[in-house]
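Novice: Take this structure first; my questions come after.
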Amino acid sequence: MQLVSEIPQLRELRREWQVQSKVIAFVPTMGNLHQGHLNLVREAKRHADVVVVSIFVNPMQFGPDEDLDAYPRTLPNDAKLLQELGVDVLFAPKVCDMYARGLEQQTFVEVPGISYMICGASRPGHFRGVATIVCKLFNMVQPNLAFFGEKDFQQLQVIKAMVTDLSMNLKVFGVPTTRENDGLAMSSRNQYLDPAQRALAPVLYSKLQELNAAIVKGRRDYTNLVNACKTELAEQGFKPDYIEIRAADSLMPPSHEEKNLVILAAAFMGKTRLIDNIQIKL
Ligand code: PAF
């Protein structure tokens with residue numbers, strides 16, 4: 001595996017792969033890798049000749065009161081895990097190279113509509129930061145295929161919309177969420193939980209499963225279902241941010257006839273914001 005931090009070096013490798021007609025898969029990450037990330041890499045390897053993974057803690061997608069400084073940075077261990085999996089290139093650029101003119105002056109990419117709702121309403125500017133960095137990384141790596149976790153379901157939809165809207169020449173794959181044995185969706189932020197919070201955290205997923213079961217059985221009174229779920233989560237020690245039942249493709253409120261649904265949730269356990277979702281095909 002080559003560890004690349006300079007953009008020109010990455011472009012040179014890209015040129016060589018182009019000459020060799022290699023299929024290039026890309027997995028963008030912010031590092032602190034867990035099995036969820038490694039499953040993205042495994043999926044990428046199944047589809048491509050060359051796998052590039054990026055690690056970049058992107059300041060543009062963090063709000064002013066969020067955990068940018070505290071976000072875990074574990075590059076040596078991440079590099080070891082990726083090497084073991086047979087990744088070809090780990091691209092770990094510097095902030096000053098990615099935002100060469102400074103964040104204030106940075107040209108941005110924003111997918112309207114979908115970026116402003118749900119998580120986007122709770123985290124203004126977040127999806128602008130995500131779309132901008134992913135667009136920049138796509139321009140550098142120029143992958144044929146890119147892999148993202150379905151745990152960040154709205155992020156995946158934002159990126160798919162950006163790729164369509166900007167006629168980008170690549171295919172985006174969503175990979176199912178990897179869970180701990182007790183159901184908690186894997187996330188780098190889980191390590192912020194203390195032992196008591198960690199023990200309670202899987203309740204978020206079990207409540208979503210209960211909602212899922214109720215909808216599959218025929219309940220369509222979504223507002224009642226969501227309100228009851230929020231109350232139960234609060235009783236268990238969560239501070240719910242949102243629970244939403246939406247049409248999976250558009251993320252708009254669904255009609256009662258909608259067959260492709262997604263339940264999206266974010267809730268604080270202490271200071272840690274957990275997100276999760278379940279897709280429902282009726
Ligand atoms: O999902 C993430 O880790 C990040 O949002 C991403 C896609 C790497 C962009 O910084």
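The values are calculated or read from the model by the stated rules, or taken from the named source; none is laboratory data. All figures in this text were calculated on a predicted structure; none of them were measured in a lab. Cβ: placed from backbone, ideal geometry, glycine included. Neighbour counts: every protein chain shown. The protein model used for the area step is the full one, side chains on, heavy atoms only, and it has no ligands, DNA or RNA in it. Shrake-Rupley method; radii C 1.70, N 1.55, O 1.52, S 1.80 Å.
Novice: From the list 212, 139, which one is outside any loop (DSSP other than H, G, I, E, B) and within 16 Å of the ligand (Cβ to nearest atom)? Full working, then the answer.
Specialist: Numbers: 212 fails: within 16 Å of the ligand (Cβ to nearest atom).
Criteria check complete, one pass: 139.
Novice: Going by the structure shown, is residue 191 exposed (fewer than 12 other Cβ atoms within 10 Å of the Cβ) and either touching a residue at least 40 places away in the same chain (Cβ under 8 Å) or within 19 Å of the chain's Cα centre (by Cα) (or both)? Steps first, please.
Specialist: Working: exposed (fewer than 12 other Cβ atoms within 10 Å of the Cβ): yes; either touching a residue at least 40 places away in the same chain (Cβ under 8 Å) or within 19 Å of the chain's Cα centre (by Cα) (or both): yes.
Taking the combined requirement at face value, the residue satisfies it.
Novice: OK, next. Of everything in the range 94-105 that's open to solvent by 30 Å² or more (accessible area, probe 1.4 Å) and farther than 30 Å from residue 21 by Cβ, which residue is nearest to the ligand (Cβ to nearest atom)?
Specialist: 95
Novice: Quick one: would you say residue 127 is in contact with a Cys (Cβ under 8 Å, 6 or more places away or on another chain) and surrounded by 19 or more Cβ atoms within 10 Å (Cβ to Cβ)?
Specialist: Judged against the criteria, residue 127 is a match.
Novice: Quick one: what pairs do we get from the range 150-161, first residue more than 10 Å from the ligand (Cβ to nearest atom), second in a helix (DSSP H, G or I), C-beta under 7 Å, 6+ apart or different chains?
Specialist: Every condition considered, the pairs that remain are 150/156; 154/119.
Novice: Would you check which residues across the range 122-136 are away from the ligand (no atom under 13 Å from the Cβ) and either under 25 Å from residue 25 (Cβ atoms) or in contact with a strand residue (DSSP E or B) (Cβ under 8 Å, 6 or more places away or on another chain) (or both) and list them?
Specialist: 122
Novice: Follow-up. Out of all the residues in the range 174-199, which are of a type outside the set (S, T, N, Q) and touching a strand residue (DSSP E or B) at 6+ places or on another chain (Cβ under 7 Å)? Steps first, please.
Specialist: As a first pass, look at the range 174-199 and keep what is of a type outside the set (S, T, N, Q): 174-176, 179-180, 182-186, 189, 192-196, 198-199.
Of everything in the range 174-199, those that are of a type outside the set (S, T, N, Q) and touching a strand residue (DSSP E or B) at 6+ places or on another chain (Cβ under 7 Å) turn out to be 174, 175, 179, 185, 186, 189, 192, 193.
Novice: Testing residue 118 on (1) within 14 Å of the ligand (Cβ to nearest atom); (2) more than 30 Å from residue 45 (Cβ to Cβ); (3) in contact (Cβ under 8 Å) with a residue 40 or more places away in the chain, one condition comes back false. Which one is that?
Specialist: (1)
Novice: Suppose we filter 19, 23 for residues that are open to solvent by 20 Å² or more (accessible area, probe 1.4 Å) and in contact (Cβ under 8 Å) with a residue 60 or more places away in the chain; which single one remains? So that I can check it myself, show each step before the final result.
Specialist: Numbers: 19 fails: in contact (Cβ under 8 Å) with a residue 60 or more places away in the chain.
Among 19, 23, only 23 is open to solvent by 20 Å² or more (accessible area, probe 1.4 Å) and in contact (Cβ under 8 Å) with a residue 60 or more places away in the chain.
Conditions (1) basic (Lys, Arg); (2) loosely packed, with under 12 Cβ neighbours inside 10 Å; (3) more than 20 Å from the chain's Cα centre (by Cα), marked per residue:
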residue: 217; (1), (2), (3): yes, yes, yes
residue: 238; (1), (2), (3): no, no, yes
residue: 246; (1), (2), (3): yes, no, no
residue: 277; (1), (2), (3): no, no, no
residue: 280; (1), (2), (3): no, no, no
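Novice: Now, a different point. Spot the failing condition for residue 121; the list is (1) closer than 25 Å to residue 23 by Cα; (2) under 18 Å from the mean Cα position of the chain (by Cα); (3) surrounded by fewer than 16 Cβ atoms within 10 Å (Cβ to Cβ), and only one is missed.
Specialist: Residue 121 satisfies every listed condition except (1).
Novice: Out of the range 178-188, which residues are under 26 Å from residue 246 (Cα atoms) and open to solvent by 40 Å² or more (accessible area, probe 1.4 Å)?
Specialist: 179, 180, 182
Novice: Given the conditions (1) closer than 22 Å to residue 163 by Cβ; (2) open to solvent by less than 80 Å² (accessible area, probe 1.4 Å); (3) β-branched (Val, Ile, Thr), report the number of the one that residue 74 does not fulfil.
Specialist: That leaves (1) as the condition not met.
Novice: Right, something else. Count, please, the residues in the range 148-171 that happen to be surrounded by fewer than 20 Cβ atoms within 10 Å (Cβ to Cβ) and in a strand (DSSP E or B).
Specialist: Matching residues across the range 148-171 total 1.
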